[in-house]
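Read through the structure below, which is laid out as structure tokens, and then see the notes.
The values are calculated or read from the model by the stated rules, or taken from the named source; none is laboratory data. None of these values were measured; they are calculated from a predicted model. No Cβ is skipped: glycine too gets one built from the backbone with ideal geometry, and neighbour counts run over all protein chains shown.
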Amino acid sequence: MELKEQLLKYLSKQIKEPVTIERPPNPQFGDFALPCFKLSKKPHELQSFLKLPNFIEKTEIKGIYLNFFVNKDYFSKVVLQSILKGNFLNIKKEKKKVVIEYPSPNTNKPLHLGHIRNIVYGQSIVNLLKLKGNQPIQVNLLNDRGVHICKSMLAYRKFGNNTKPNKKSDHFVGDFYVLFQNKAKENPSLEEEALEMLNQWEAGDKKVLELWEKLNSWAIKGFNETFKEFNLKHNKTYKESKVYKKGAQIVKKAFEMKKFVKDESGAIIAELEQYGLPNKIMLRKDGTSIYITQDLALAEQKYKDFKMRLSIILSATEQNLHFKQLFKILELLGYKFNNEHLSYGMVLLPEGRMKSREGKVVDADDLIHELQSMVEGEIRKRYDNLSKQEITKRAKTIAMAAIRYYILRVDPNKDIVYNPEESISFEGETGPYLLYTHARIKSILRKAKTFKINNTRLKNSQEQNIITTLSNYNNCVGESIKNKRPSTLANFLFKLAQEYNEFYHTFPILKASKNERESRLSLSKAVSIVLKNGLDLLNIDTLEEM
């Protein structure tokens, strides 16, 4: 039990009224604060009769608050022992089955930087769900049909000469999508040909289906190679081509049950205005489906497959309205599971937004390769005695840490301007900075060899600041889980690393006096444990040496 909870329990028994404990905005006001404006007794009355637990050193009155100051030695001992014994997380369990869908790419181009944000966000949410005791089930939707897919197919048929991929296969397919866009500027009739190919696909044309299966298989093969780089494994993969017809059946049945209506044009619509949302077309007047039609079928299929209590979908914020409409429609149709849309902002380059149709895009694979090459160069400058294999291993770990942290440190709803050079810096708010801090501590602990756990000499303000930050780790993780915001955890880890490095540059550790040495080594080990635990939750691997 944390000190805050212990104090709350202690006070509740004595005051016999509903009480709350807060953290003062300024540490000078104390470690905990009891707001008294709703209590029958005033702060000075409470101060006079309350019996304090042994970890409270003194109390002070500040306005309508009774502030409590924790005994620093006791506080340090409790915090360090809980971390060093591995008892530093106390998360209330839920045990829900949760389906989480991501990153849901189109099979006409490789994964890009926006998909990376989706993946690293989704993977961290999966870890937080597991920590909460839930059973996350990771699924992917391949958007493998539609006119955008036919554009790559048409360009390949006209200009591909039936060649096989001479590069990573999803990039090969993506090149033909870009080629189509460029050719269509010169010859707009290609757009009509792409629509005709879609009609042929829907009619089951054998040659078109063979071409579709060939290009899709190449795209999917490439996706799986990229997923492997991120250690992403899905429990199940759905395909739009397999579910979209079922969606039309669901809509028609709902219309017969008077859940939907027809508008003047003959299209079937869901009337949502009474719920503060725009009405939504569910089937066009010609009977063809749209995205939300397919989403209905997919939602139903996921429930049949997994009987989940919660379905989470990750996508960009520009789809917020779409999913509000979808979830309201699912509710009106009586589906018995909850839905949540986790959205995220755009990923921008310093020169502006990514545009895949024009080929002006940072592909996920290219970014990984570029960062890894840059890091390898930096490692060679610093260490001339490492093997090529070790350099590659470290560079890959650092590059992936750079990508993950640079994205996860930002609140999901905010846009990101991704700066590759900045992301791999060993200074500032970056993944490599956190890895370096962790490796620095591990190096200190190796040099120290053995030491006794001690906290008797953690007296200065920098040491106490670190102790206070460490004590907040459980709350930080709890907030990250509650709000599904890995950025809260990412920012905490940077703050902890900053405080430790300031301490490291100010005070001796290995050369300190015996008690100070043991206390500072104990503190260092606790910091390394929390850093490692937090980075693991963000799917960031650490290094023992850097």
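Are there any helices (runs of 4 or more DSSP H) wholly within the range 298-411 with 1 or more residues that are farther than 30 Å from residue 168 by Cα, and if so which?
Once the helices (runs of 4 or more DSSP H) in the range 298-411 are filtered for at least 1 residues that are farther than 30 Å from residue 168 by Cα, what remains is 320-332, 364-382.
When you scan the range 320-336, how many residues do you find that are loosely packed, with under 15 Cβ neighbours inside 10 Å and closer than 18 Å to residue 290 by Cβ? Steps first, answer last, please.
To start, the set of residues in the range 320-336 that are loosely packed, with under 15 Cβ neighbours inside 10 Å comprises 320-321, 331, 334, 336.
Narrowing further to those that are closer than 18 Å to residue 290 by Cβ: 320-321.
Of the residues in the range 320-336, 2 are loosely packed, with under 15 Cβ neighbours inside 10 Å and closer than 18 Å to residue 290 by Cβ.
Within the range 262-276, residues that are at positive phi reach partners that are in a loop (DSSP other than H, G, I, E, B) with beta carbons closer than 8 Å, at six or more positions or on different chains, in the pairs 266/285. Considering (1) within 19 Å of residue 339 (Cα to Cα); (2) crowded, with 24+ Cβ neighbours inside 10 Å, the lone condition that residue 129 does not fulfil carries the number (2).
For residue 77, work out the one condition from (1) over 19 Å from residue 480 (Cα atoms); (2) in contact with a helix residue (DSSP H, G or I) (Cβ under 7 Å, 6 or more places away or on another chain) it doesn't fulfil. Residue 77 satisfies all of (1) over 19 Å from residue 480 (Cα atoms); (2) in contact with a helix residue (DSSP H, G or I) (Cβ under 7 Å, 6 or more places away or on another chain) except (2).
When restricted to residues that are buried (at least 17 other Cβ atoms within 10 Å of the Cβ) and either under 16 Å from residue 376 (Cβ atoms) or over 19 Å from the mean Cα position of the chain (by Cα) (or both), the range 412-425 contains 3. I'd like to check something: does the range 430-453 contain any residue that is buried (at least 20 other Cβ atoms within 10 Å of the Cβ), touching a helix residue (DSSP H, G or I) at 6+ places or on another chain (Cβ under 9 Å), over 30 Å from residue 132 (Cα atoms) and assigned by TED's automatic domain parsing to the domain that holds residue 490? The answer is no; no qualifying residue exists.
Set side by side, the residues 228, 207, 239 differ, and just one is loosely packed, with under 15 Cβ neighbours inside 10 Å and either closer than 30 Å to residue 395 by Cβ or touching a strand residue (DSSP E or B) at 6+ places or on another chain (Cβ under 7 Å) (or both), which is 228.
Within the range 167-174, identify whether any single residue is touching a residue at least 24 places away in the same chain (Cβ under 8 Å), touching a Ser or Thr at 6+ places or on another chain (Cβ under 6 Å) and either of a type in the set (Val, Ile, Thr) or not assigned by TED's automatic domain parsing to the domain that holds residue 406 (or both), and answer yes or no. Yes - at least one qualifying residue is present in the range 167-174. Going through (1) assigned to a strand (DSSP E or B); (2) within 16 Å of the chain's Cα centre (by Cα) one by one, residue 128 falls short only on (1).
Whether any residue in the range 508-522 is surrounded by fewer than 19 Cβ atoms within 10 Å (Cβ to Cβ), under 29 Å from the mean Cα position of the chain (by Cα), farther than 18 Å from residue 78 by Cβ and not hydroxyl-bearing (Ser, Thr, Tyr) is what I want to check. No, the range 508-522 contains no residue that is surrounded by fewer than 19 Cβ atoms within 10 Å (Cβ to Cβ), under 29 Å from the mean Cα position of the chain (by Cα), farther than 18 Å from residue 78 by Cβ and not hydroxyl-bearing (Ser, Thr, Tyr). Pairs linking a residue in the range 146-161 that is in contact (Cβ under 8 Å) with a residue 12 or more places away in the chain and at negative phi to a residue that is charged (D, E, K, R) and surrounded by fewer than 24 Cβ atoms within 10 Å (Cβ to Cβ), with Cβ atoms under 7 Å and 6 or more positions apart or on different chains, are 154/193; 155/183. Screening the range 1-107 for helices (runs of 4 or more DSSP H) wholly inside it with 1 or more residues that are of a type in the set (A, V, I, L, M, F, W, C) and loosely packed, with under 14 Cβ neighbours inside 10 Å returns the ranges 43-49.
Close Cβ contacts (under 9 Å, 6 or more residues apart or on different chains) running from residues in the range 215-237 that are touching a residue at least 24 places away in the same chain (Cβ under 8 Å) to residues that are surrounded by fewer than 21 Cβ atoms within 10 Å (Cβ to Cβ) and aromatic (Phe, Trp, Tyr) comprise 233/227; 234/227; 235/306; 236/306.
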